[in-house]
Each structure stands twice: as C-alpha cells, then as structure tokens.
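Let me begin by presenting the structure, written as structure tokens, before commenting on it.
Values in this text are rule-based calculations from the coordinates and carry no lab data. These numbers come from a predicted model, not from an experiment. Heads up, the Cβs are rebuilt from the backbone with ideal geometry, glycines too, and the neighbour counts pull from every protein chain shown.
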Amino acid sequence: MKVMKPKKTRIIPLRKPKRVSLLVGLTGGFGSGKSTAARYFRLLGAQVIDSDQLVHEALKPGTPTYDAVCDHFGRKKILGAQGNIDRKKLARIVFENQGKRKILESIVHPYVFSEIERAAKTKSGLLILEVPLLFETHFNEKMDANIVVWSSEKNQMARLRKRTGATPSEVRARMKAQMPLARKKTMADFVINNGGSLKETKNQVLEVWKQLKSMMKKEKA
C-alpha cells in the first residue's frame, strides 16, 4: 500500500509550547481503523492521547459535564441502572438529530480540548492526538501534521455493526454526522489505507512514523 507523502513540512505555533517537538493529529471515520493505527504508533514509541477516552472521563458521574448532559437530555432517557450515562442511548438520541448532537458537542468538547492542550504543555517528543472530529472542529490547524486512516464504507459499516450492535440505519446516521472520508483524505498530510490486512496497515504506520521522526529532527535542527 502506498503512503501519501506530506505536502509540506509546516510548523504551526499557535499555542503549542516549545516542550513538544511535534504535534500530530490522527483521525478517520467511524470504523475506519484509527484506533488500530494509534495502537501501532504506541508500540513504536509515540505518546497517544485518545479523545474518546477523555469523553468517557467527562461523562463520569459527579463531573460538571455529566450534570449538564443529564440536565439537557433527561436522566430517565440516558442513564443506566447504576447511574452512569448509557452512551448507546445517548448516541441514538444525538445521531438522529443534528441539533441535539451539536448541543452535546458544545457541552463535551470544551473539556476534551482543554485536556488535550494541557497534555501538550506537559509532554515532550512525538505526541499523537486521536481526534474523530479533527477537521470538523478545526483542531487540525493546531497540528504540525495530520493523518487520516481510510477504509471503504462497506468495511466501516461492517466494523461498526459488529462493535456496537447498531442497525444499518443507525450506522449510516453516525457516518453522516462526520465529514466524508474522501474529503478528509484531501486535507491530510498522510493517508493510511486500512482496507487490507493488519500487516499492511502496520507497515504503513511504520512508514509514516519514519517520516514524522524525520520531521521532528528537522524542527530540532
């Protein structure tokens, strides 16, 4: 599989502290395999921050975000038996209504992105930020480079149905909530094709890793 070369090495300062050598955005679509790529990057030695994990933390009982989400969407509609937010119930609500999805994002995103920026200030080296809505939120503009993990729509649907148990219509609704992968590919510095074997994906991650390390050396020079 051919890995797209970066269009240009561009270092965007913004609020990036000097401690961090390279900030890299990692994204894709639902079921495209970005978490698989992130796992391989970790094995190679990259520091990876998973924004989805930050969402889990934001929705824990006792947090201001948890209370705000419960107040807006209704505790009876989204809470499980133990008082935790049932993410499947919440997903069904927000992916069927764009307005409600935007409200949820307005509640959760400030916490998620503040945590990402806090990590960027305290970590050094090659830091990869796994963010599903990287381009949609314009967070890509704060990165030195951006990676898109691509897979066919057929593969995406099959993986999502297996992982979440969602119906075909629910899967399509989730996919429509994000920017089309075809457009994300045109905005990326690197594209990893996750439509083949895991070995092929791993080899592409390794190639991108080498190019990122090279970019990092140039920045330090």
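Hey, does the stretch 138-157 have a residue that's under 15 Å from the mean Cα position of the chain (by Cα), over 21 Å from residue 41 (Cβ atoms) and assigned to a loop (DSSP other than H, G, I, E, B)?
Yes: one or more hits.
Return the residues of the stretch 16-57 that are of a type outside the set (A, V, I, L, M, F, W, C), in a helix (DSSP H, G or I) and farther than 30 Å from residue 81 by Cα; say none if nothing qualifies.
Residues satisfying the conditions are 34, 36, 39, 40, 42.
Give the residue, chosen from 105, 117, 96, that is in a loop (DSSP other than H, G, I, E, B) and of a type in the set (D, E, K, R).
After applying the criteria, what remains is 96.
Inside the stretch 106-116, can you point out the residues that are buried (at least 16 other Cβ atoms within 10 Å of the Cβ) and not hydroxyl-bearing (Ser, Thr, Tyr)?
Result: 107, 108, 109, 112, 113, 115, 116.
Given the criterion in a helix (DSSP H, G or I), of a type in the set (Lys, Arg) and free of Cβ contacts under 8 Å to residues at least 40 places away in the same chain, identify the matching residue among 60, 88, 77.
Within the list 60, 88, 77, the selection yields 77.
Which of the residues that make up the stretch 152-171 are of a type in the set (Lys, Arg) and surrounded by fewer than 16 Cβ atoms within 10 Å (Cβ to Cβ)?
154, 161, 162, 163
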